[in-house]
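The values are calculated or read from the model by the stated rules, or taken from the named source; none is laboratory data. Computed from a prediction, not measured in an experiment: that's the story for all the values here. With ideal geometry, Cβ positions are generated from the backbone for all residues, glycine too; neighbour counts draw on all protein chains shown. Ligands, DNA and RNA are excluded from the accessible area calculation, which covers all protein heavy atoms including side chains. Shrake-Rupley method; radii C 1.70, N 1.55, O 1.52, S 1.80 Å.
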Amino acid sequence: MAGTIAIKNGHVFDPLNEIKGDRMDIYIRNGKVVTELSAAELKDAKEIDASGKTVMPGGVDSHSHVAGAKVNVGRMMRPEDHYKFYQKKTPLTHSGCGYSVPSVYLGGYEYSKMGYTTVFEAAVPPMEARHTHEEMRSTPMIDMGGYLVLGNNWFLMRYLKEGDIEKAAAYIAWMMRTHKTYGIKCVNPAGVENWGWGENVNSLDQANIHFEVTPEDIIKGLTELNEMLGFSMPLHLHANNLGHPGCWEITRDSLKIPKSIKAKPKDPNVEWAETKVNPKRHESVYLTHCQFNAFGGTSWRDFESGVKGITDYVNSHEHVVMDSGCVPFGDATVMTGDGPAIHDLYVLTGNKWSNTDVECECGSGVLPFTYLKSNPVHSVQWAMGLEVLLYVKDAWKSIMTTDSPNGGPFIKYPQVIAWLMSNKARQDTLNECHKWANDRAGLASETREMTLNEIAIVTRANAARTIGLSHSKGSLGIGADGDVAIYDINPAKLEVSDYESIIRAFENAAYTVKGGEVVCQKGEIVAIPEKKTYYTDITVNAEEEKKMIDDVKNWFKYYTIGFSNYPTPEKYLANPTPIKIDAEV
Ligand SMILES: [Zn+2]
């Protein structure tokens, strides 16, 4: 029977159900986790003997750059990235290439090899949504969705300035549906618009040119709108001043803005899988790639880690969740909607640089980058990414990412996991690093070693819960999607000092199961499963929406495309899966 499988005797780590390594069986029927299979079903089902192995829900990446215009710019501008990592075609799989920015096919295969089954594209410019969806549709193996970039949208800034919150809400709901995207992304609020004039903003109360809204206005406005509309995920925030020494303070102050705004995710039209832990978010803000927003010091001369200033705040407040943006060394391609931040890196490095302004909406920058252990700043950044995860006491407040490919490509996740689980792995790397890693960060004296249960939280359970997907993802509860990763790690015999074995196990899952089907086995793709694309479909007051649409149509005189060419039709999506929310109630 398709999508029916019995996974026997594994050590199961399912944090949303508080299962921490118990030996048990997981049964999946027709793609969903079930209590048991009948004798007849068992006879026909595929059976996997997972004894001595670690069993987790399929990995969930809540922030990665894998599809769309700027990712494609990264591919085009870097032929040197293609030669060093490529795969030949097989009867089942496409060929592909690209180390830090893989082609869409290769990206899907590589995620699947590591046991990941769900990945969210972190930045979709509205005008580039069609392109993003085309690339997501072509990315095999993984379920996907994307966040819509709205932090410097002309139209929205106008409504925010006028204080017309009802129309702003109608606009966001319409934009999500129009572009088939999932949540609100806010990048360098007010600053990216200023970049159109060669400027940035440097403080939370600095009004930008022409629109005269401040970063604070935008963060507050978008958080309120996010909760008014009842999105499944919190506001996804890339804070101001990214990549500048001393930026940790503005980051912490940005997190204070939504402190009094209560998380109010509405009930979407989904069946909820069983979970012991509350599967809904209680945070109103999701800070992304904290490491890049946690620089200390006042210049590159006295640069140091400022992570503790942020993690102290996060440890004592309940409204923030964040991902790390780790730096695993080696080749990366930095790409972000934060145009001025990438320009600053261009000035620092002189590397190839691409800069884009997406008319009336947002912008982006792309630049190849190599992180070196011998470089003082890079070595501190490596320590900082790990500090973000190790200093946050409650793993449910953090998510592991490399902001792929900004800190490094996602294929380095196994290496990051090894550093989190093994102090020896960290000390060995510290010994190879520039001495600033020791002197300018606190990592050297941090002895915490994450457990497999905590790794399951920061690589799947919390990523799914944070973005509102724990109704089906990040858990092995009854009713969850039958997405499972089985790793060659025996928790009873695990020696974390042998960290190479941890890296090997997480690089190539023994089995990746997607929808109850084995799709990857020890690094080899064995089946191409169906995939889904999530987006949020919010219903708002029809009258309000109509008035707003009249404004938008009028506003299109500033666009170079026609209004009718703006939306992304559902046919651009692989198996479109709307998360329906009624914001009228
Ligand atoms: Zn990012």
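Observations on the model:
- Test for Ile417: is it within 18 Å of the chain's Cα centre (by Cα), within 16 Å of the ligand (Cβ to nearest atom) and surrounded by 24 or more Cβ atoms within 10 Å (Cβ to Cβ): no
- When Ile142, Ile172, Ile209 are screened for being in contact with a helix residue (DSSP H, G or I) (Cβ under 6 Å, 6 or more places away or on another chain) and surrounded by fewer than 24 Cβ atoms within 10 Å (Cβ to Cβ), only Ile209 passes.
- Flag if Gly363 is surrounded by 18 or more Cβ atoms within 10 Å (Cβ to Cβ) and assigned to a loop (DSSP other than H, G, I, E, B): no
- Looking at region 1-54, the strands (runs of 3 or more DSSP E) lying wholly inside it that each contain 1 or more residues that are at pLDDT 95 or above, of a type in the set (Asp, Glu) and under 18 Å from Tyr487 (Cβ atoms) sit at 5-14, 19-29, 46-49.
- Entry remark, region 232-254: residues being in a loop (DSSP other than H, G, I, E, B) and either in contact with a helix residue (DSSP H, G or I) (Cβ under 7 Å, 6 or more places away or on another chain) or within 16 Å of the ligand (Cβ to nearest atom) (or both) number 8 in total.
- Residues satisfying the criterion are absent from region 255-273 (criterion: within 16 Å of the ligand (Cβ to nearest atom), within 21 Å of Ala122 (Cα to Cα), outside any loop (DSSP other than H, G, I, E, B) and modelled with pLDDT of 95 or more).
- Evaluated against (1) open to solvent by 10 Å² or more (accessible area, probe 1.4 Å); (2) within 16 Å of the ligand (Cβ to nearest atom), Ser103 falls short on exactly one condition, (2).
- Ala332 hydrophobic (A, V, I, L, M, F, W, C), buried (at least 19 other Cβ atoms within 10 Å of the Cβ) and in a strand (DSSP E or B): yes
- Tally of residues being closer than 18 Å to Gly482 by Cα and more than 16 Å from the ligand (Cβ to nearest atom) across region 61-96: 0
- Under the condition of being open to solvent by 20 Å² or more (accessible area, probe 1.4 Å) and in contact with a His (Cβ under 6 Å, 6 or more places away or on another chain), the residues counted in region 175-197 number 0.
- Entry remark, region 55-75: residues being within 10 Å of the chain's Cα centre (by Cα) and in a strand (DSSP E or B) number 5 in total.
- For region 81-97, the count of residues that are part of a helix (DSSP H, G or I), without any contact (Cβ under 8 Å) to a residue 60 or more places away in the chain and surrounded by fewer than 22 Cβ atoms within 10 Å (Cβ to Cβ) is at least one.
- Test: Ile486 is open to solvent by 30 Å² or more (accessible area, probe 1.4 Å) and β-branched (Val, Ile, Thr): no
- Residue under evaluation Ile581, criteria (1) open to solvent by 50 Å² or more (accessible area, probe 1.4 Å); (2) touching a Phe, Trp or Tyr at 6+ places or on another chain (Cβ under 8 Å), criterion not met: (1)
- Where a residue in region 105-130 is touching a residue at least 12 places away in the same chain (Cβ under 8 Å) and more than 26 Å from Arg504 (Cα to Cα) and its partner, wherever it lies, is basic (Lys, Arg) and within 13 Å of the ligand (Cβ to nearest atom), with Cβ under 9 Å and at least six apart: Ala122/Lys185; Ala123/Lys70; Ala123/Lys185; Val124/Lys185; Pro125/Lys70; Glu128/Lys70
- Only one of the numbered conditions (1) within 16 Å of the ligand (Cβ to nearest atom); (2) touching a His at 6+ places or on another chain (Cβ under 8 Å); (3) assigned to a loop (DSSP other than H, G, I, E, B) is not met by Cys326, and that is (2).
- Looking only at residues in region 366-381 that are surrounded by 16 or more Cβ atoms within 10 Å (Cβ to Cβ) and of a type in the set (Ser, Thr, Tyr), the one that is nearest to the chain's Cα centre (by Cα) is Tyr371.
- Exactly one residue out of Glu283, Glu249 is surrounded by fewer than 19 Cβ atoms within 10 Å (Cβ to Cβ) and either modelled with pLDDT of 95 or more or in contact with a Gly (Cβ under 6 Å, 6 or more places away or on another chain) (or both): that is Glu249.
- Qualifying residue in region 420-432 (condition: under 11 Å from Ser324 (Cα atoms) and either away from the ligand (no atom under 15 Å from the Cβ) or not in a helix (DSSP H, G or I) (or both)): no
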